[in-house]
Amino acid sequence: MSDNEELTRLRRENEYLKNEVVKLSRYKLRHILCGMRDRCYRKSHFAYKYYGGRGIGICDEWMGKGGFEHFYDWSFKNGWNPLLTIDRIDPNGNYCPQNCRWINWTEQQNNRRNNRYVEFNGETHTVAEWERILGWKSNTIYSRLDRGWSIERALTEVPRRRNSK
């Protein structure tokens, strides 16, 4: 095979791969938009009470004619990649370009309404964030606080290592 033929083959292969990435991206983003629609408008959806039941909806730009194309374009202009999840900046606001962003799963979990926040030394973080900051196992601080430990003791007393046999 000549260098010219090899170059042509590689170009065709690259074009094919680009098209496949676009198809997968469209599928993933369509799935995300459908999930938003279900949560906001399908009363039988298990999460409806947390979204549509609270009055949260989706803007006309993403729901109306050409809505998916607008959502798709907005997503790429705002840094979407398959490892990110959509987040509403104002948790009581609608899904719309001005109120949405793409964030990772850890950040998303820290935005939950049922998170437990702890203030210590002038810093406020969720318990899960404190555990990451301190490098401790998950639920160490939760269990300490649930047992009545002071915040200071729960965040400063280094966990004992258990012997593993």
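Laboratory data are not the source of any read-out in this text; all were calculated from the coordinates shown. None of these values were measured; they are calculated from a predicted model. Glycine gets a Cβ as well: all are built from the backbone with ideal geometry, and neighbour counts include every protein chain shown.
The condition (being over 30 Å from Leu29 (Cβ atoms), in contact with a helix residue (DSSP H, G or I) (Cβ under 7 Å, 6 or more places away or on another chain) and of a type in the set (Ser, Thr, Tyr)) is satisfied by just one residue among Thr140, Thr156, Thr124: Thr140.
For the range 124-137, the set of residues classified as farther than 19 Å from Arg113 by Cα and among the small types (Gly, Ala, Ser) consists of Gly135 only. Tell me, which residue of the range 129-144 that is hydrophobic (A, V, I, L, M, F, W, C) and within 21 Å of the chain's Cα centre (by Cα) is surrounded by the most Cβ atoms within 10 Å (Cβ to Cβ)? Out of the qualifying residues, it is Trp130.
Across the range 40-55, the number of residues qualifying as hydrophobic (A, V, I, L, M, F, W, C) and either surrounded by 11 or more Cβ atoms within 10 Å (Cβ to Cβ) or touching a strand residue (DSSP E or B) at 6+ places or on another chain (Cβ under 7 Å) (or both) comes to 2.
Specify the residue that is farthest from Gln108 (Cα to Cα); the eligible residues are those in the range 129-165 that are among the basic types (Lys, Arg) and assigned to a loop (DSSP other than H, G, I, E, B). My answer is Lys165.
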